[in-house]
Amino acid sequence: MREHQPIRYVFIIGLFISLFLDGSISLIFSHLLYGKYILVPSITFAWLFFGMYFINRTNEHVEIWAAIAGLLFDLFYTGILGVYVIVFPIAIIIGRKLYRFLPMNIVTGLFSFAFNIALINVFAYGLNRLMNATNMAAGYFLIHAVIPTVLFNSVLFLILYVPIGVLFDRIE
Amino acid sequence: MRKFFSNRKWLTAILIFIICLGFISVSVSTRNNKSMPPFIQRFGNDVVGIASWTVAVPANSVRHAGETVNNLINTYKENQKLKAQVETITATKVRDQAIQSENDQLKRELKIKSGLADYNPIVAEALVRTPSAWNDQFVINKGSSAGVKKNMSVLGAKGLIGRVIEVNNSNSKVELISNTVDTDNKFPVEATNSKGETVNGIINGYDRKTGQLIVGHLNTKIKIKVNDKVSTNGLGGITPKGIYVGKVAKVTTDDYGTATKLYIQTPASMNDLEVVTVVDKTS
């Protein structure tokens with residue numbers, strides 16, 4: 001039975017906003033983020049992860065929303081369909097498994113999030129490389145892109161953890 | 001004991017994975033061979049593109065305001081510098097006009113309709129950049145309805161920055177020249193030395209560590225030196241002639257020591273885009 005659940009609307013609208021924020025931040029700060037070390041903001045995935053992490057009561061299907069966000073990501077940003085549409089749900093499913101095994105606090109959350117970000121980047125890069133859509137060398141990618149991206153997003157996670165947790169708790 | 005994953009779940013997962021691989025290969029081949037993506041994809045892109053204005057337009061205007069304040073602070077210094085140039089600008093303008101009309105006249109006499117250097121500019125604004133480490137792409141707010149076509153060259157404030165790789169009705173995707181996948185369109189360029197001799201070649205690589213473009217496989221006796229200018233040469237039918245690419249930063253030979261290899265330093269604006277010009281070569 002569906003009731004009127006404000007958390008659902010907040011989650012969906014926030015998902016779209018974070019999807020476009022990724023692109024806007026990448027454009028505006030591109031001289032800082034895409035220099036020698038590549039720091040890719042993943043606010044979309046952070047929002048999905050927080051949704052998986054904090055929304056317990058209403059049983060929201062975050063995996064399906066992850067697939068939708070991934071599809072829009074593929075369509076609008078990369079133009080290669082079928083990469084993020086599969087990578088985002090897989091990361092959320094693995095995140096949920098880890099969430100059940102580990103105790104819930106900010107340290108384990110951070111660990112799980114960082115692991116997922118690394119997974120998303122490596123998996124998506126692997127698919128692109130397989131289909132010859134990029135020629136970036138794997139060693140260069142690991143050192144200059146994956147490690148800085150994971151660190152950068154971990155900082156974002158720490159900054160957003162408390163505000164978004166409070167926001168979701170209040171609305172629920 | 002319950003299995004961690006049942007057989008049916010594995011089967012579904014593998015099936016989904018194979019379908020995704022199929023989609024990826026179809027979209028990669030579409031991108032390489034077709035002039036436009038399928039209708040559904042274009043339509044989706046147009047809808048998402050319009051939805052992205054909700055975030056992109058305020059974000060861009062905040063950025064614009066920041067730059068305006070910055071400009072205000074620099075105004076005095078810039079004014080001093082510009083005053084010195086203003087003296088010569090009228091003379092240059094008149095001369096430019098005279099040369100233009102003479103050029104037109106000569107072309108008419110030779111019965112040339114349009115030269116290698118002629119193009120129609122389409123001014124567009126950068127909407128978002130792809131948040132991805134390996135795709136150096138961004139989305140601009142002009143599409144096929146404004147006359148943008150696939151493979152057109154894109155200019156930034158200081159010179160060549162990329163090519164159009166996907167066209168939708170109201171937006172299109174631009175790939176920077178730093179992205180040099182084998183299947184992409186390559187830019188034909190010429191390097192001119194101080195004596196006025198030119199060497200033609202194509203951009204076929206990018207050195208990520210130094211941020212320099214590589215022009216390889218040059219077989220020539222003409223000596224190119226550091227700081228010689230490099231621009232497009234208009235051959236190949238897509239790029240117009242005379243678009244500035246950069247300066248030669250290093251001249252070496254390739255791994256076998258037989259051919260010359262040039263490293264080109266591009267102007268620093270590649271990563272800082274606001275307004276770009278899509279160039280439509282008239283033919």
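The values are calculated or read from the model by the stated rules, or taken from the named source; none is laboratory data. Because the structure is predicted, anything quoted here is derived from the model rather than measured. A quick note on method: Cβ atoms are made from the backbone with ideal geometry, for glycine too, and the neighbour counts reach across all protein chains shown.
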Exercise. Among the candidates A:Ile17, A:Ile86, A:Ile64, which residue alone is facing another protein chain (nearest Cβ under 9 Å) and either assigned to a loop (DSSP other than H, G, I, E, B) or surrounded by fewer than 17 Cβ atoms within 10 Å (Cβ to Cβ) (or both)?
Worked result: A:Ile17
Problem set entry | Among the residues listed as B:Val189, B:Val174, the single one being buried (at least 20 other Cβ atoms within 10 Å of the Cβ) and either away from every other protein chain (no Cβ under 12 Å) or part of a loop (DSSP other than H, G, I, E, B) (or both) | B:Val189
Problem set entry | Where B:Asp182 falls short, out of the listed (1) within 13 Å of another protein chain (Cβ to nearest Cβ); (2) surrounded by fewer than 24 Cβ atoms within 10 Å (Cβ to Cβ); (3) among the acidic types (Asp, Glu); (4) in contact (Cβ under 8 Å) with a residue 12 or more places away in the chain | (4)
Exercise. For the range B:215-244, what are the residues that are in a strand (DSSP E or B), touching an Asp or Glu at 6+ places or on another chain (Cβ under 9 Å) and closer than 28 Å to B:Pro121 by Cβ?
Worked result: B:Val230, B:Ser231, B:Thr232, B:Asn233, B:Lys241
Seminar exercise, completed: The condition of being without any contact (Cβ under 8 Å) to a residue 12 or more places away in the chain and either of a type in the set (S, T, N, Q) or in a helix (DSSP H, G or I) (or both) holds, among A:Ile147, A:Ile92, A:Ile117, A:Ile164, only for A:Ile147
For this session: Test A:Asn153 against the criterion of being within 15 Å of the chain's Cα centre (by Cα), part of a helix (DSSP H, G or I) and at the interface with chain B (Cβ under 8 Å from one of its Cβ atoms), and give yes or no.
Result: no
For this session: Report yes if some residue within the range B:272-281 is of a type in the set (A, V, I, L, M, F, W, C), at pLDDT 85 or above and more than 13 Å from the chain's Cα centre (by Cα); otherwise report no.
Result: no
Exercise. Which residue pairs have Cβ atoms under 8 Å apart, sit 6 or more places apart or on different chains, and have a first residue in the range B:216-227 that is closer than 7 Å to B:Thr260 by Cα and a second that is surrounded by fewer than 10 Cβ atoms within 10 Å (Cβ to Cβ)?
Worked result: B:Asn219/B:Thr258
Problem set entry | Filter result for the condition that a residue is within 16 Å of the chain's Cα centre (by Cα) and at pLDDT below 85, over B:Asn204, B:Asn185 | B:Asn185
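Please find, within the range B:100-141, the residue that is nearest to the other protein chains (Cβ to nearest Cβ) out of those that are of a type in the set (Phe, Trp, Tyr) and touching a residue at least 40 places away in the same chain (Cβ under 8 Å). Steps first, answer last, please.
As a first pass, look at the range B:100-141 and keep what is of a type in the set (Phe, Trp, Tyr): B:119, B:134, B:138.
Filter once more, so that each one left must be touching a residue at least 40 places away in the same chain (Cβ under 8 Å): B:119, B:138.
On the way: B:Tyr119: 25, B:Phe138: 6 Å.
Applying the filter and picking the extreme gives B:Phe138.
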Exercise. When you look at B:Ser144, is it surrounded by fewer than 22 Cβ atoms within 10 Å (Cβ to Cβ), modelled with pLDDT of 85 or more and more than 14 Å from every other protein chain (Cβ to nearest Cβ), yes or no?
Worked result: yes
Problem set entry | Failed criterion for B:Met36 (all others in (1) within 12 Å of chain A (Cβ to nearest Cβ); (2) modelled with pLDDT of 85 or more; (3) surrounded by 10 or more Cβ atoms within 10 Å (Cβ to Cβ) hold) | (2)
